[in-house]
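Heads up: the structure comes next, in structure tokens.
All of the numbers you see were taken from the coordinates with simple rules; none came from a lab. Given the structure is predicted, the values throughout are model-derived calculations rather than measurements. Every residue, glycine as well, gets a Cβ built from its backbone with ideal geometry; the counts of neighbours run over all protein chains shown.
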Amino acid sequence: MIELRDLAYVRLGASNLEDAQSFATKSLGLQVGEQAKQALYLRSDDRAHTLCYFEGDPQDQTVAFEIADQDKLNAAGATLDALGHAVHAGTPDECALRKVKAFIGFKDPTGNQIELVVRPERNGKRYFATRDAGITGFSHVGLFTTDPLRDELFWTQVCNARVSDRIGDIALMRVNAIHHTVALAPGRGPGVHHINHQVESNDDVLRSYYHLSGQRVPIVFGPGRHPTSGARFLYFQGPDAMVFEYSVGVDEIEDEEGHRPRQFGFEPSSLCMWGARSGRPR
Ligand SMILES: CC(C)c1ccc(C(=O)O)c(O)c1O
Ligand SMILES: [Fe+2]
């Protein structure tokens, strides 16, 4: 079994790196960790980066997870290979670009680009952004799936994810005590459905609602509260139509052995218990 410890980073192709930088720093509230010629490394916590925008095709999107060590990375590569996934071992240059000691890349059954990394770089300086969005860290991602049942089996049987709850066919899956680290959302093809950062308080969610609205950043859902994780949330749209989420107050699953996933109907009240309606374009 492939043991995912945590999310490491997301890499997103950007059609315009300057626009991406402006959004990430002035709207989202990330800190520029490093600005390379064709890439921008952004921080949200004590890591060297948790989001990288690079000059490229916006459809080129990768989600990375941390693995404990090189032995476990080798074992993960062998497992994926045996299951017929094409596995790419990162070259030294590719590792340097990702600020990790080693990684492998492969595609999940939908075709989402996934990387498994060991020893992602930390930064001795604390995360300090120019816009105070109240971000406390990078927390979860949504991935599109073309076959929810097949992909749920991949993430829970080949990898160590556990389903915390389902909304219709959307599986909210954890890899540690936090309610979910990966959400699988039905879609027409691969890609990142949304990128979540946790914020400190309800005030931060509402402050950002006004701040982003004032900047004409499209708000796609919320402010609202998810009945599943209990989190108060706000979704908004960034460059190349990527959706970002802030949330606060995500539940932890205390009884790992005894927890049974709850099934919510696929209806608006399952997504927001306050009555917000999603205006998501896709
Ligand atoms: C609509 C998406 C996939 C969703 C649903 C529920 C939660 C939650 O319980 O926190 C999310 O964070 C979501 O992004
Ligand atoms: Fe989310």
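Along the chain, counting only chymotrypsin sites (Phe, Trp or Tyr not before Pro) with a DSSP assignment other than H, G, I, E or B and at most 15 other Cβ atoms inside a 10 Å radius, the longest segment between sites is 129-265. Modelled spin-label separation between SER213 and ALA68, with each label point placed 7 Å from Cα along the Cα-to-Cβ direction: 4.8 nm. Residues CYS95, CYS52, ranked from the fewest to the most other C-beta atoms within 10 Å, line up as CYS95, CYS52. Using the beta-carbon distance between GLU3 and LYS26 and R0 = 35 Å, what value does 1/(1 + (r/R0)^6) give for FRET efficiency, to the nearest 0.05? Efficiency at R0 = 35 Å is approximately 0.40. The label-point distance for ASP19 and LYS37, in a model that sets each label 7 Å from Cα toward Cβ, rounds to 2.4 nm. Using only Cα atoms, locate the centre of the range 212-257 and the centre of the range 162-209, then give the distance between them in Å, rounded to an integer. Value for the Cα centre distance between the two parts: 8 Å. Per-residue ellipticity at 222 nm from helix content only, as computed over the chain with -39500 (n - 2.57) for each DSSP H run of at least four residues, stands at -4500 deg cm²/dmol. With all pairs of separate Cα atoms included, the chain yields a Kirkwood hydrodynamic radius of 19.0 Å. The slack between LEU153 and ALA96, meaning 0.36 nm per residue of separation minus the straight C-alpha distance, is 17.3 nm. From least to most packed, judged by other beta carbons within 10 angstrom and beginning with the fewest, ASP108, ASP255, ASP6, ASP46 follow the order ASP255, ASP46, ASP6, ASP108.
Cβ crowding within 10 Å ranks ASP165, ASP81, ASP45 as ASP81, ASP45, ASP165, fewest other Cβ atoms first.
When both the range 17-43 and the range 88-121 are represented by their alpha-carbon centers, they are found 21 Å apart. Of all the stretches in the chain, which is the longest one without any exposed loop site, taking GluC sites (Glu not before Pro) in a DSSP loop (any state but H, G, I, E, B) with at most 16 other Cβ atoms within 10 Å? Within the chain, the longest run free of exposed GluC sites (Glu not before Pro) spans 4-120. Between VAL87 and TRP274, the distance separating the two model label sites (each 7 Å from Cα on the Cα→Cβ line) works out to 4.5 nm.
Loop-located trypsin sites (Lys or Arg not before Pro) across the range 137-234 with a Cβ neighbour count of 11 or fewer within 10 Å are ARG188, ARG216, with loop assigned by DSSP. Close amide-amide hydrogen proximity is noted between LEU51 and VAL10, LEU42, each under 5 Å apart and 5 or more residues distant or on a separate chain (H modeled in the peptide plane; Pro and chain starts excluded).
Annotation: extensible slack from THR130 through GLN59 equals 22.7 nm (criterion: 0.36 nm per residue apart, minus Cα-Cα distance).
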